[in-house]
1. Got a sec? How would His187, His139 order by Cβ neighbour count within 10 Å, fewest to most?
2. With the crude spin-label approximation of a point 7 Å out along Cα→Cβ, what separation in nm comes out for Thr123 versus Ser143?
3. Between Ala193 and Glu66, what length comes free when the chain is fully extended (0.36 nm per residue of separation minus the Cα-Cα distance, one decimal in nm)?
4. Highest first, please rank the peptides 44-56, 160-172, 125-137 by the mean number of other Cβ atoms sitting within 10 Å of their residues.
5. Under a plain spin-label model, where a point goes 7 Å from the Cα along Cα-to-Cβ, how far apart in nm are Ile174 and Trp14?
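Just so it is clear, none of the values below were taken in a lab; they were calculated from the coordinates. Just so it is clear, the structure is predicted and the values come from calculations on it, not from any experiment. We place every Cβ from the backbone using ideal geometry, glycine too, and count neighbours over all the protein chains shown.
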Amino acid sequence: MPVSTSRIRALCPWLVEARFAWLALGVIAVALAVSLRPHTTEPVIRLTGLVLQVLGIGTVIWGISETRALFGHPSFAAKAKSWFGRFPLLRRNIVLAAAAGPIGLATCKARAFATHGPGPNPTLESRVDALEKNVGLIHERISGTEREMDEEFRKAGEALKNEEQTRQTEDAAIREKLEATGTGGVHISAIGASWLFVGVVLSTAGVEIAELLK
């Protein structure tokens with residue numbers, strides 16, 4: 001039965017998913033191929049085991065670097081470069097930088113309103129007419145104030161909603177980072193443990209293995 005092209009294309013991503021397992025097994029296979037050849041001497045076996053142990057210890061540094069990168073911290077190389085760059089006896093060029101930033105100014109609103117008077121010689125009708133006009137102006141001012149308050153409440157509600165969404169997004173990102181920190185480095189630890197195990201076996205039983213390969 002011929003294999004379709006789509007299945008062949010899907011094979012590469014499937015193999016890539018187990019890339020850490022292939023890395024661990026590949027290094028172990030190379031080490032065993034070097035140390036388990038016929039007539040291999042005991043020093044070669046021990047040195048091969050030592051190399052595996054060093055690689056296993058190196059996975060600890062790898063895991064720490066992954067965790068630091070996950071939380072946005074600089075790498076060990078960057079920190080070492082920065083530390084050496086601050087050497088007191090090293091001559092450095094002093095650069096003065098000017099930074100510009102926005103300045104926030106507090107704003108306030110000024111409101112002006114007018115009233116209707118009854119006139120210089122008020123009569124009862126002029127007083128009632130002025131009172132009716134003033135009541136209308138009061139209603140307009142109240143309506144305008146209500147509209148402004150409704151607009152402010154709407155803006156405050158939108159700001160609270162946006163802040164809530166931002167907090168939810170940040171909480172989800174923090175949760176993913178914590179989960180990745182707790183479980184994401186398991187594959188690195190497994191690689192290091194497998195290399196250390198084989199390396200200890202080769203280094204410890206190097207004499208016996210060399211005798212068997214004679």
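1. His139, His187
2. That separation, rounded to one decimal, is 3.0 nm.
3. So the extension gain works out to 44.0 nm.
4. Taking the mean over residues of other Cβ atoms within 10 Å, the ranking is 44-56, 125-137, 160-172.
5. 4.2
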